[in-house]
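The values are calculated or read from the model by the stated rules, or taken from the named source; none is laboratory data. These numbers were taken from a predicted model, which means no experiment stands behind them. No Cβ is skipped: glycine too gets one built from the backbone with ideal geometry, and neighbour counts run over all protein chains shown. Ligands, DNA and RNA are excluded from the accessible area calculation, which covers all protein heavy atoms including side chains. Shrake-Rupley method; radii C 1.70, N 1.55, O 1.52, S 1.80 Å.
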Amino acid sequence: MTLIRTRIRPRERDAIIQSLKAGVAPRAGIQHIQVGRVNEIEAINKDIDRIAQGGSAFRLIIGEYGSGKTFFLSVIRAIALEKQLVSVNADLAPDRRIHASSGQARNLYSELMRNMATRNKPQGNALTAIVERFVNSAHQAATSEGVSVAAVIDERLSSISEHVGGYDFAKVIESYWHGHATNDDELMSNAIRWLRAEFSTKTDARKALGVRDIISDTSLYSNLKIMSLLVIQAGYRGLLVCLDEMVNLYKLSSTRARLSNYEQILWILNDCLQGTAEHLGFLMGGTPEFLFDTRKGLYSYEALQSRLAENSFARRAGVVDYSSPTLHLANLTPEEVYVLLQNIRRVFALGDENRYLVPDEALEAFLNHCSNTIGDAYFRTPRNTIKAFADMMSVLEQNQDMEWSDLLGSVAIPEDRASDMPGLEDSGDGLASFTL
């Protein structure tokens, strides 16, 4: 295993360091700190290829607190964007669910649309650019064929109109085109607002766009399927939906609300595994109790338990079935954590070995310190280990008269367990992942 030797831009460096010090997954420069998880990445790569070829995929990404679920999902999104897919992502929260009756599902859809990303806009807010690309493509086709742009748009949206809610969706896209053609910025803005589920009442939507319906709590999945068709028409290869913090469904106090959300997951899973969905994939990150708890987890819903049960043959043989809908993130090895620290050291030095703040023996001493302080949790759930290392490097960078050996003894690294850290409860920002 070799280290990446590319230079690192100062902007990337600062973004990575700020994220690591905050204990969250970086949104940029992931390739500079990637390590491990080769088999898991290969398995999801196959899913992405299947989505790009017109198929569908569904995966639950299961890992302990701080084990790297969020970072893993970020890496997968980066791969999907490189393969010309569009990605949307959001964290579930008390006000964001898959199914609800008081606006929580609509809030989740809005968050997904705000975080829509493409290769050219990896940071999100790509929805307008995708609609513009669709409209410009239709305009070019109309010019070459000698027909009206409206006729081309109608033809391309005909498949969308056949879906539940597709007629109003198509009409909103047409409204965007009319605004584009007449320089009506307000009409275009209203169309984007509708596509982002920012209209809360049908009356407001009818006044603004002349449509009969809005994207509501009951239509989240249906509209994601429609959106996957739009991105295909815009020239992309599919839509990847990443939902993190699924443990928030497990925490719902209402059994009825919890089961309603699990029913939606079952619907999505069936659609994806049966091939009903096209150019669409779902990755959902959660903790083991979210999956295995037979009282409140997914296993409490019998239909989901039977579909998500572990491959008994693989378990008996002591191997992993990477084709299963449930993907359990393997622990990083101590060697992989060591490589991860090497990569972080390189980030601080902007990729220049001559600017390293600490030698190799400092990395070994740091890991020994971690092992003695918290045991093997330092590599099983390494979020706090990485955060502490980034903090130590920052102190050394700002105080170059200090010796790392003197500083190391004062570093305290808490074990990353939810029971010991009130209020944290699976922020899902573990920083272990990936392959070099």
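Looking at (1) open to solvent by less than 10 Å² (accessible area, probe 1.4 Å); (2) modelled with pLDDT under 95; (3) within 18 Å of ILE48 (Cβ to Cβ); (4) not aliphatic (A, V, I, L, M), can you tell me which one THR287 breaks?
Of everything listed in (1) open to solvent by less than 10 Å² (accessible area, probe 1.4 Å); (2) modelled with pLDDT under 95; (3) within 18 Å of ILE48 (Cβ to Cβ); (4) not aliphatic (A, V, I, L, M), THR287 misses just condition (3).
If you go through segment 22-39 one residue at a time, how many are closer than 23 Å to ARG9 by Cβ, among the aliphatic types (A, V, I, L, M) and outside any loop (DSSP other than H, G, I, E, B)?
2
Out of LEU298, LEU266, LEU280, LEU308, report the one residue that is in contact with a Leu (Cβ under 7 Å, 6 or more places away or on another chain), open to solvent by less than 40 Å² (accessible area, probe 1.4 Å) and modelled with pLDDT under 95.
LEU308
Of (1) of a type outside the set (Asp, Glu); (2) open to solvent by 10 Å² or more (accessible area, probe 1.4 Å); (3) touching a helix residue (DSSP H, G or I) at 6+ places or on another chain (Cβ under 7 Å), ILE44 satisfies all except one. Which?
Of (1) of a type outside the set (Asp, Glu); (2) open to solvent by 10 Å² or more (accessible area, probe 1.4 Å); (3) touching a helix residue (DSSP H, G or I) at 6+ places or on another chain (Cβ under 7 Å), only one is false for ILE44: (2).
Every residue in segment 319-336 that is open to solvent by 70 Å² or more (accessible area, probe 1.4 Å) and either more than 18 Å from GLN305 (Cβ to Cβ) or modelled with pLDDT under 85 (or both), please.
Residues satisfying the conditions are VAL319, VAL320, SER323, ASN331, GLU335.
Out of the residues in segment 48-71 that are farther than 22 Å from ASP321 by Cα and in contact with a helix residue (DSSP H, G or I) (Cβ under 6 Å, 6 or more places away or on another chain), state the one that is surrounded by the most Cβ atoms within 10 Å (Cβ to Cβ).
The residue in question is GLY66.
Kindly provide the set of residues from segment 263-307 that are in a loop (DSSP other than H, G, I, E, B), among the charged types (D, E, K, R) and over 23 Å from ASP47 (Cα atoms), ordered by number.
Listed by number, the residues that qualify are ASP293, ARG295, LYS296.
If SER394 satisfies all but one of (1) surrounded by 15 or more Cβ atoms within 10 Å (Cβ to Cβ); (2) touching a Phe, Trp or Tyr at 6+ places or on another chain (Cβ under 7 Å); (3) modelled with pLDDT of 85 or more; (4) not basic (Lys, Arg), what's the number of the condition it fails?
(2)
Pick from SER144, SER110, SER74, SER137: which is closer than 20 Å to VAL24 by Cβ and either open to solvent by less than 20 Å² (accessible area, probe 1.4 Å) or in a helix (DSSP H, G or I) (or both)?
Answer to the check: SER74.
Name the residue, out of LEU230, LEU224, LEU239, that is touching a residue at least 40 places away in the same chain (Cβ under 8 Å) and surrounded by fewer than 22 Cβ atoms within 10 Å (Cβ to Cβ).
From the options LEU230, LEU224, LEU239, the qualifying one is LEU224.
Name every residue in segment 154-173 that is modelled with pLDDT of 90 or more and open to solvent by less than 50 Å² (accessible area, probe 1.4 Å), in order of residue number.
Within segment 154-173, ASP168, PHE169, ALA170, VAL172, ILE173 qualify.
Checking SER148 against (1) over 20 Å from ILE215 (Cβ atoms); (2) within 23 Å of the chain's Cα centre (by Cα); (3) of a type in the set (S, T, N, Q), which test does it fail?
Single failed check for SER148: (2).
Output the number of the condition that ALA309 fails; it satisfies all remaining conditions of (1) touching a helix residue (DSSP H, G or I) at 6+ places or on another chain (Cβ under 8 Å); (2) closer than 28 Å to ASN261 by Cβ; (3) without any contact (Cβ under 8 Å) to a residue 12 or more places away in the chain.
(1)
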